[in-house]
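Take a look at the structure set out below.
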Amino acid sequence: MPAPQISETTILQYASAEMLRYGRACYQQGAVLVPVLYGSRFLAEVKADPDASAPEFICCLFQSDGSITATCTCQNAWGSWCKHLVAACLVLLHQPEKVEEHPALETLLEQYQREELQALVLQLAGQIPHLAEAIERTHAARRPNPSPSTAPSPTPVQISQTPINARAIRREVRSAIHSLDRMRSSEAYWYVGSVVGEVVQIAGKAIELLEAGEGRAALTTLEAVTEEYMDEYENLDDSDGEVGDSFNQLGKLWAEALLSTELSREEREGWAEQLTSWQDDLADYGIDDAFDIAATAALQGWDDPALQRVLHGQVTEKGAWDTEAPDYADDLALIRLAILERQERFQEYLYLAEAEGQITAYLTMLVRLNRTQEAFAYGLQYPATSEEALSLARALCEHGEREQSLQIAEHGLTLDGRKVELATWLRDQAEAMGKRELALRAAEQAFRAQISLENYRHVARLCGEQWPTHQAALLDYARTSQPYETQGKVDVFLSEMLIDDAIAALGTYASHTIVEQVVNVAVNSRPEWAIQACKKQAEPIMDGGKAQYYHAAASWLSKAYKAYQMLNREGDWQAYLNELLQIHGRKYKLVPLLKAIK
């Protein structure tokens, strides 16, 4: 079959504008690994965090009606698509040549007889963790096909909720946590993030139930996960706060489940009481406010008077709150918006997004509803941030309103916020549309927002004959800008062989890798400085007896020796080396390294 077709507009049907931005960053960092297309099923691994113990696994199934069913193993299991799904789909969109194509899995499985399939599943169950539990849950949820003799009449009947095997869910949570039992504590520490991620992934199955309209089954799932997790979480080392974060994720899942399910007032109050009790227990462990968002969602439901006023179009500065909004107000608003979108209550979505200051959601939805002129006018008239302007500009561009998207982006550069991504986007879009002057202005903004050699060279390419004037201005800016942009400054100055500027850019706290970068270039023209810089790096290692870094110290001293040679001061080098050998003569791992320097 032909490769599935996808666009950023399609992605925005499933992901928020904010998540699209995060996903694009992952895609640009090369986080997507092993993308494979099995017919209409797209699989990939995404390692957005280089320090993560394992990548996340995504699966997108492109349906014949144009819809996409997608799953990811990450912790961000609630709500719309995560950054991993977005990043993978951007590879499919922009770099299809990197996607391996294989026959559809259905085609492969057609070759198996029933007994062979059964043997294959049993074999995989012994190799893939928790596959057996997943099969058990699927079996419990399976509705048997009626036989001809018992086929139901065409009269509509009430479909029962999916049966939930709470015991199997508890066992999954317990198994995930106790997978660390056989490790030493020093080893187990590094896998806590994976374990809590697995717990939240199990809880995230509630979202699938919500999307199927089975809210009570979702609540039963969350109850089983939470009760078991509350019994076991103290066995985990939470030095990095990963357990606390996982409870915050659970709180959001609970909020969405409660707001997606039709419950009586008594039921909502009962859930709020249970959530508050769990939160009290967590507070003793130092985890504050995790379930507050869910308890509020339970008590307010959709009947809260302030919320009802907003949903009927009475948008005021107070938003959806009669009192001061809590810290989690934005998260709760995003959950409500996700539900309204799922239920296609678009006008109420717009009212709530505007009232709660969710400008990106508001403007993106206007564009999706073909109300582009409203979105454009709103984006120019009301204060916002550069990030929100970028989201609107992208949405307009995807919708075919390219001129308006450039105007919004240019306006966004005058607003508060981090501007590098917006300026880069405007630069590239303006250049593609032949608007060279606008592209040049945006390129200079991008350089000022983030000093880098790439941004510097982009300005040079767009300037043409005017480059000398612009070059002088950019270099002056680099000399006087904030000191934390050390790497970018050094790259730019060294590209122009401005050695003194590169040395000045190092400041006091430059990393050893950046210092080494400058030393390697400066050793010929600034050997005296290179000697002192190398000594400053090597001597603390030797004086501190940091044996694991002695090779690094010797490498620095080799560079210093080269600088001494450039000055024809080999006698001074020998005197310095003898002094080091006298001071550190008892460090048997260091002495051979020092004597080997040539």
* Starting from segment 18-38, take each residue that is under 13 Å from Trp81 (Cβ atoms) and list its partners that are assigned to a strand (DSSP E or B), counting only C-beta distances under 8 angstrom and pairs at least six apart or across chains. => Cys26/Val32; Cys26/Val46
* **Answer residue from segment 552-573, given it is among the polar types (S, T, N, Q) and free of Cβ contacts under 8 Å to residues at least 24 places away in the same chain and is surrounded by the most Cβ atoms within 10 Å (Cβ to Cβ) among those** => Ser555
* Residues that are loosely packed, with under 15 Cβ neighbours inside 10 Å: find the helices (runs of 4 or more DSSP H) completely inside segment 385-496 holding 1 or more of those. => 402-412, 420-432, 436-449, 453-463, 467-480, 486-495
* Check whether at least one residue in segment 319-327 is crowded, with 21+ Cβ neighbours inside 10 Å and not small (Gly, Ala, Ser), and report yes or no. => no
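For Ile359, state whether it is among the aliphatic types (A, V, I, L, M), closer than 19 Å to Ala409 by Cα and in contact with an Asp or Glu (Cβ under 6 Å, 6 or more places away or on another chain). Spell out how you get there, then give the answer.
Details: among the aliphatic types (A, V, I, L, M): yes; closer than 19 Å to Ala409 by Cα: yes; in contact with an Asp or Glu (Cβ under 6 Å, 6 or more places away or on another chain): yes.
Answer is yes for this residue.
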* Asked: Quick check: anything in segment 343-359 touching a residue at least 40 places away in the same chain (Cβ under 8 Å), basic (Lys, Arg) and within 25 Å of Ala393 (Cα to Cα)?
  -> no
* If a residue has to be in a loop (DSSP other than H, G, I, E, B) and at pLDDT below 90 to count, how many in segment 224-263 make the cut? -> 6
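Select from segment 166-205 the residues that are farther than 15 Å from Tyr229 by Cα and either modelled with pLDDT under 80 or loosely packed, with under 15 Cβ neighbours inside 10 Å (or both) and list them in ascending order. Step through it out loud before you land on a result.
Residues of segment 166-205 farther than 15 Å from Tyr229 by Cα: 181-191, 205.
Hits for segment 166-205 are Asp181, Arg182, Met183, Arg184, Ser185, Ser186, Glu187, Ala188, Tyr189, Trp190, Tyr191.
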* Structure fact -> Filtering segment 397-434 for residues that are over 27 Å from the mean Cα position of the chain (by Cα) and among the hydrophobic types (A, V, I, L, M, F, W, C) leaves a count of 3
* Structure fact -> Residue pairs qualifying under the 6 Å Cβ cut-off, at least six apart or on distinct chains, with the first in segment 534-551 being without any contact (Cβ under 8 Å) to a residue 12 or more places away in the chain and the second being assigned to a helix (DSSP H, G or I) and surrounded by 14 or more Cβ atoms within 10 Å (Cβ to Cβ), are Tyr549/Ile541
* Asked: Tell me, which residue of segment 557-598 that is closer than 19 Å to Ala533 by Cα, outside any helix (DSSP H, G or I) and of a type outside the set (S, T, N, Q) is nearest to the chain's Cα centre (by Cα)?
  -> Ile597
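Looking at segment 336-361 only, could you name the residues that are outside any helix (DSSP H, G or I), farther than 17 Å from Glu208 by Cα and not basic (Lys, Arg)?
Selection gives Glu344, Glu356, Gly357, Gln358.
The values are calculated or read from the model by the stated rules, or taken from the named source; none is laboratory data. Everything numeric here is computed off the predicted structure, so don't read it as measured data. Counting neighbours? That spans all protein chains shown, and the Cβs are built from the backbone with ideal geometry, glycine included.
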